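S.K.: Let me begin by handing over the structure; questions about it come next.
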Amino acid sequence: MRQGMFKRFELRAATCAAILCFAATALNAQMQQWKTYSYSTEGFSASFPSEPEAQKRNVDTQAGPFELRSYIVQNEAAALFVGICDYGEKVAGADPDLQLQNAKDGALQNSNSHLISEGKLTLGIYHGLRFESESDSAYFSARIYMIGTSLYQTLVVTPKGKRYPDETRFLDSFQLIPRTGN
């Protein structure tokens, strides 16, 4: 009887060891996939778990239509987004905090979500705003910054009720770099 218990113990120990090895390998692979991508023409760098897809589209705002350039990675757990919109002279001299509030309100309206929390932040000398919102089906965690006349947006979108474990890692990775000519 003791020998049978010992064999079950050995089997359980081997199973646990295999599970731990698999989890460590998966975690290590996930950590190794993260890479910092730099976009000097856009003036930023950010870390993503894989190479982001670049997209361009026009968006309508209260100040008129603008081109939104975005860099997106989607996987089974989340969508990670960095977007840049250059407003140019239309916002030159405008209050950056008001511009951020307008951008947040537009994001809430476009995503059909309600605000959960918000707060001011800075990126170096630049004004920023962080906010969380939720729609019927999704959770949004965003940080937006006014850099001169350009709006930079970082966003993590997950299914409602779920959080992306690397949310802070992604949002904290956003950095400004010297902007070069287009």
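To keep it simple, each residue is scored yes or no on (1) assigned by TED's automatic domain parsing to the domain that holds residue 59; (2) among the small types (Gly, Ala, Ser); (3) crowded, with 22+ Cβ neighbours inside 10 Å.
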| position | (1), (2), (3) |
| --- | --- |
| 118 | yes, no, no |
| 121 | yes, no, no |
| 126 | yes, no, no |
| 130 | yes, no, no |
| 133 | yes, yes, no |
| 138 | yes, yes, no |
| 146 | yes, no, yes |
| 154 | yes, no, yes |
| 159 | yes, no, no |
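S.K.: Hey, could you check the range 59-88 for residues that are assigned to a strand (DSSP E or B), loosely packed, with under 11 Cβ neighbours inside 10 Å and of a type outside the set (Asp, Glu) and say which is modelled with the lowest pLDDT?
M.R.: Let us first name the residues in the range 59-88 that are assigned to a strand (DSSP E or B), namely 59-61, 64-74, 79-86.
Right, trim to loosely packed, with under 11 Cβ neighbours inside 10 Å and you get 60, 64-65.
Subsequent filtering for residues that are of a type outside the set (Asp, Glu) retains 64-65.
Working: 64: 78, 65: 86.
Here the residue is 64.
S.K.: Would you tally the residues in the range 161-176 being surrounded by fewer than 13 Cβ atoms within 10 Å (Cβ to Cβ), outside any helix (DSSP H, G or I) and not charged (D, E, K, R)?
M.R.: Residues in the range 161-176 being surrounded by fewer than 13 Cβ atoms within 10 Å (Cβ to Cβ), outside any helix (DSSP H, G or I) and not charged (D, E, K, R): 2 in total.
S.K.: Residue by residue through the range 60-87, note down the ones that are closer than 19 Å to residue 101 by Cα and of a type in the set (Ser, Thr, Tyr).
M.R.: Result: 61, 87.
S.K.: Would you confirm whether any residue within the range 92-102 is at pLDDT 95 or above and either under 15 Å from residue 42 (Cβ atoms) or acidic (Asp, Glu) (or both)?
M.R.: No, that holds for no residue.
S.K.: How many of the residues making up the range 114-160 are within 20 Å of residue 75 (Cα to Cα), among the polar types (S, T, N, Q) and touching a residue at least 40 places away in the same chain (Cβ under 8 Å)?
M.R.: Of the residues in the range 114-160, 3 are within 20 Å of residue 75 (Cα to Cα), among the polar types (S, T, N, Q) and touching a residue at least 40 places away in the same chain (Cβ under 8 Å).
The values are calculated or read from the model by the stated rules, or taken from the named source; none is laboratory data. The model shown is predicted, which means the values in this text are computed figures rather than measured ones. Backbone-built Cβ (ideal geometry, glycine too); neighbour counts: all protein chains shown.
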